[in-house]
Structure formats: structure tokens, C-alpha cells
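Notes for the one structure printed next.
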Amino acid sequence: MRRAILAGVTTIEHGDYGTPEIFKMMKQKNIALCPTLAAGDAVAQYKGWRKGIDEVPDNIKNKRKTFNEALQAGVTICMGGDVGVFPHGDNAREMEMMVEYGMKPADVLKSATSINADVFKINETVGRIQPGLYADIIAVQGNPAVNIHDIRNIKLVMKDGFIYVRNK
């Protein structure tokens, strides 16, 4: 991670071996972390860990620790979960774990939208609801800024201003 940071990368994925010093460097150089919490969780379960029943594996404990160290250092957090390690369509799993591991729901929503757009330098077309940007939005029942699980209650999907899904 240190070599990547010194080489000038924009993001670090996973961050499993980050330290407070590494996260401080990331903050100073404005390098974002994409923690991929759900990927490690899924792999541990594929290996036999029964979440909520068995003792939490060391790699999961470490992931929670390093994620919190990154948060404490003020590192910009992206949202991406290595979808494909777990079933496609379950992307909300990453967002829920980000909250479970200590991030505020409203901050997770920002990570998945405006922060991702900023980090990936596509913020002139997506990432916010404002004139001139693509009208890519969802509407959900509930308030995911308070209860992140509400992000799963999708009622409407709009892409480029066209409604593709409307659930009653």
C-alpha cells in the first residue's frame, strides 16, 4: 500500500493491511479507500464460516479494525464490493456492512453517489441530482439515510431521465 501511495494512485482497494500511518498518508494525498467489506465476508462464508453463529474469523476482525482506522483518519471512502464474489444484485450488502462497521448511513449514501463520482472523475455527468447531469436516480420506501437497509426497498429506477422500474 505504501508503494502504491507513493506512486500516486487514486484509490486503494481492500486496505486489509492498512495501518494508522498508511491511512494518514492516504488522507494527506487524497487517496480514497474502496474497502470491499462484503467480498471478504462472502469468502469467509464460502469457506464455512456461519455468520452470527461461529466466532468471527481473524480476517473479518482485522477488516473491521482497518476500516475503522481509515474512518478515524478521515480517508475518503468509496463504495464498491467486488460484486461477483457474492451474487450480482446484492450490492446493498456492501452498504449495509459499511454501516455495520461504523460508517453513518448518510455518509455511505454519499460514498455510493457523489464521492464515487468525484473519485472516478465522472462528476460532471453523474453522482448528484442537478441540472445538466444524467437523471440516474432511485426512489426507495423508507429513509436509507437513517436505516441503510431501506436501500433495498426500491420503488422506482430512473436512468437518464427514463423510468425503467416502478414498484407499487
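Each value in this text was obtained by applying a stated rule to the coordinates, not by laboratory testing. Computed from a predicted structure; not experimentally measured. No Cβ is skipped: glycine too gets one built from the backbone with ideal geometry, and neighbour counts run over all protein chains shown.
The local environment of Ala32, defined by Cβ-Cβ distances under 11 Å, has a net charge of 0 under the rule Lys, Arg +1 and Asp, Glu -1.
Rounded to the nearest 5, what % of DSSP beta bridges with both residues in the chain are antiparallel?
Working: 8 of 12 bridges.
Given both bridge residues lie in the chain, the antiparallel proportion sits at roughly 65 percent.
Counting neighbouring Cβ atoms within 10 Å and putting the fewest first, the residues Ile138, Ile53 line up as Ile53, Ile138. Checking the Cα-Cα distances for Lys61/Lys121; Lys24/Lys65; Lys27/Lys63; Lys63/Lys110 against a 24 Å cut-off, the pairs over it are Lys61/Lys121.
If I take every Cα pair under 8 Å that is 6 or more residues apart in the chain, average their sequence separation and divide by the length, what percent do I get for the relative contact order?
With pairs under 8 Å counted, the relative contact order is 17 percent.
Between Tyr134 and Asn68, the modelled label-to-label distance comes to 3.8 nm, taking each label 7 Å out from Cα in the direction of the beta carbon.
Report the local net charge at Asp82: Lys and Arg +1, Asp and Glu -1, summed over other residues whose C-beta lies under 11 Å from its C-beta.
Details: positive: Arg93; negative: Glu13, Asp41, Glu94.
Here the count lands on -2.
Can you put Met79, Met1 in order, fewest other beta carbons within 10 Å first? Provide the component values of the computation, followed by the final result.
Details: Met79 23, Met1 19.
Ascending Cβ contact count within 10 Å gives the list Met1, Met79.
For segment 34-48, backbone nitrogen atoms closer than 17 Å to the point 7 Å from Glu100 Cα along Cα-to-C-beta are found at 35-48.
If the chain were replaced by its equivalent ellipsoid, with semi-axes equal to the square roots of 5 times the Cα gyration tensor eigenvalues, what would those be, largest first, whole Å?
Numbers: eigenvalues 150, 99, 33 Å².
Square roots of five times the eigenvalues give 27, 22, 13 Å.
For the chain, adding -39500 (n - 2.57) for each run of n ≥ 4 DSSP H residues and dividing by the number of residues yields -10000 deg cm²/dmol at 222 nm. Taking a Cβ cut-off of under 14 Å around Val108, the surrounding Lys, Arg, Asp and Glu residues balance to a net charge of -1, with basic ones at +1 and acidic ones at -1.
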